[in-house]
Amino acid sequence: MNAGLILFLIFILCLVIGVPVSISLSVASLTAVVFGGLPASSTAIAQRIFGGLQSSSIMAIAFFVLAGNLMTKGGISRRIVDFADCLVGNVRGGMSLALVLACAFFAALSGSAPATVIAIGTMLYGDMIKKGYPGPRTAGLLVVSGGLGPIIPPSIIMVIYCTLTGASVGNMFKQGMMIGIVIMLVLMVEVLWFAHKEKWPKQNVKRTPAEVVKVFLDAIPALLTPIIILGGIYSGMLTATESAAVAVVWAAIAGAFIYRELNLPDTIQIIKDSAKSSAMILFIIAASTAFSWVFTISGASKALVDTVIGMNLNAAMFCLVVAVILLIFGTFMEGTAIAVLLVPVLWPIAQSMGINVVHFGIIVCVSNVVGTMTPPVAVNIYSAATVSRLKMGEIAKAEIPFLVGYVGVFFLCVFSEWFCTFLT
């Protein structure tokens, strides 16, 4: 049997029976080498797995995960929520606007969609329900707003993409910031519309100028975090990895000495949790590297390239086909695995068509975020269900109107290179 066919059959079989993605990738790769008649030994899989982690850029992932957890436990996230509520809380549906804005702020700290959902949802969801906000609709909004995490930099998926393609992390981050702001504004417009249509609650808390100033001053150390992260990268003083390490140090200092909400036992537990999360992501990357290698030497990669080229697609249609493929994969695979699995295969084709590396990267990144909101593998919905105690079906149904707006921006990214590159 052809090695490429064995590779995909075993991979799909493992997923169907519930084997974790990282193990599925490894088992499929090893099986294809052993039984597919490839000119390679089984030890090559182990070499490729370890080789997949030999990149300094990948270290940024572990640092960003740790920084995000320190910010959540150290009081930074709560100050951001308070600041967002101070800005937009007094209009009808104001707490929903604050939820979207807080997700955008936290996205500039964590780079992770499920981390954003859990952090902001834990702080806001319960209070919103007590004040009369509709539970499923609020949870659906939380799912989609959490998707700002991997778009507004720093973004773990963007770092992975840049590692795979050699694209500039700074350029990807700049464009991601702009697109994230557009998505945020679209969601806020939808919130205002639903708030008036469904008569969501309105707060009547009158803040004095002194109270506003106090909230702002209290939030300054939290608001400095994205400035430190992005300023270091955009100024050229720090690489993405160095900037992530500095973010860890600043988050620890702010949590322990400024807000005084971070103690030694908490820090030890945060490091343990961050190590587990990082290991999961890095294992997927490593296993996907071996999978991509087998995919290439088996000839399946060349066959796919020849098939796509034979379709005589122009650049726009190719981007659309790629978007659809990524959206389909996103319904049953984790975004990190999709990127490492498909980018090495699809990017050479895109490059041969003259597609801009940042444009292609934005398509990859935003489509992966949509995957976090679409069942059956929808980590944002799982995270929102954990926070809200609602059934996944309820949340999935309630998120649809907000998801439509998100997907609308996504297809604008697909068909407009200018929209995805004008800041680079």
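The values are calculated or read from the model by the stated rules, or taken from the named source; none is laboratory data. Everything numeric here is computed off the predicted structure, so don't read it as measured data. With ideal geometry, Cβ positions are generated from the backbone for all residues, glycine too; neighbour counts draw on all protein chains shown. These accessible areas exclude ligands, DNA and RNA; they are computed on the full protein's heavy atoms, side chains included. Shrake-Rupley method; radii C 1.70, N 1.55, O 1.52, S 1.80 Å.
By its C-alpha gyration tensor, with a ≥ b ≥ c as the square roots of the eigenvalues, how is segment 39-418 shaped: rounded for a/c under 1.5, else prolate for a/b larger than b/c, else oblate? Prolate, because a/c is 1.5 or more and a/b exceeds b/c.
In order along segment 251-265, phi translates into HN-Hα couplings of 4, 5, 5, 5, x, 8, 10, 8, 8, 6, 10, 10, 10, 4, x Hz, rounded to whole numbers, per the Karplus curve 6.51 cos²θ - 1.76 cosθ + 1.60 with θ = phi - 60° and x for Gly and Pro. Residues considered: 413, 365, 14. Largest GNM mean-square fluctuation over the chain, using C-alpha springs under 10 Å, is found at 14. The alpha carbon gyration tensor of segment 276-384 gives principal lengths a ≥ b ≥ c with a/c of 1.5 or higher and a/b no greater than b/c, which makes the shape oblate.
Proximity of backbone amide H atoms, modeled 1.01 Å from N, is registered between residue 93 and 202, 203 at under 5 Å, excluding neighbours fewer than 5 places apart on the same chain.
Against the longest principal axis of the chain, how steep is helix 379-388, in degrees 0 to 90 to the nearest 10, with axes from Cα atoms? So the helix axis and the longest Cα principal axis differ by about 30 degrees.
Running a GNM on the chain with Cα contacts under 10 Å, which residue among 98, 256, 244 ends up with the highest mean-square fluctuation? Largest GNM mean-square fluctuation: 256.
For segment 1-57, the gyration tensor built on C-alpha atoms gives an oblate shape. Its axis ratio a/c (a ≥ b ≥ c) is at least 1.5, and a/b is not larger than b/c. Mean separation of Cα pairs under 8 Å and 6 or more residues apart, divided by the residue count, gives segment 39-418 a relative contact order of 27 percent.
Taking the C-alpha atoms only, the angle from helix 357-371 to the longest principal axis of the chain is near 70 degrees. For the chain, modelled as a GNM whose springs connect Cα atoms under 10 angstrom apart, the maximal fluctuation among 37, 405, 93 occurs at 37. Would you mind pulling out the separation of the Cα centroids of segment 136-184 and segment 274-293, in Å? Using only Cα atoms to place each centre, the spacing works out to 20 Å. Along the chain, counting only GluC sites (Glu not before Pro) with a DSSP assignment other than H, G, I, E or B and at most 16 other Cβ atoms inside a 10 Å radius, the longest segment between sites is 1-197.
Compared with the dominant Cα axis of the chain, that is its longest principal axis, helix 94-110 is turned about 50°.
Per-residue Karplus couplings for segment 309-321, computed as 6.51 cos²θ - 1.76 cosθ + 1.60 with θ equal to phi - 60°, are listed in order as 4, x, 7, 6, 7, 7, 4, 5, 5, 5, 4, 5, 4 Hz, Gly and Pro entered as x.
Close lysine pairs were tallied over the chain: pairs 8 or more places apart or on different chains with Cα atoms under 25 Å apart number 25. Here segment 283-420 is assigned +1 on the Cβ of each Lys and Arg and -1 on the Cβ of each Asp and Glu. Its dipole about the Cα centre then comes out at about 200 debye. Between the residues 83, 107, 310, the greatest Cα displacement towards the positive end of the dipole of segment 39-418, with unit charges on the Cβ of Lys, Arg, Asp and Glu, is found for 83. Charging the Cβ of each Asp and Glu at -1 and of each Lys and Arg at +1, and nothing else, the dipole of the chain about its Cα centre rounds to 820 debye. In the full protein context, the chain carries 41 Å² of accessible surface per residue, based on a 1.4 Å probe and ignoring ligands, DNA and RNA. Exposure check, 1.4 Å probe, all protein chains in place: residue 352 carries approximately 90 Å² of accessible surface.
Taking trypsin sites (Lys or Arg not before Pro) across segment 168-223, the ones in a DSSP loop with at most 13 further Cβ atoms lying within 10 angstrom of their Cβ are 199, 206. Over the chain, DSSP H runs of length four or greater, each weighted -39,500 (n - 2.57), average out per residue to a 222 nm ellipticity of -25500 deg cm²/dmol.
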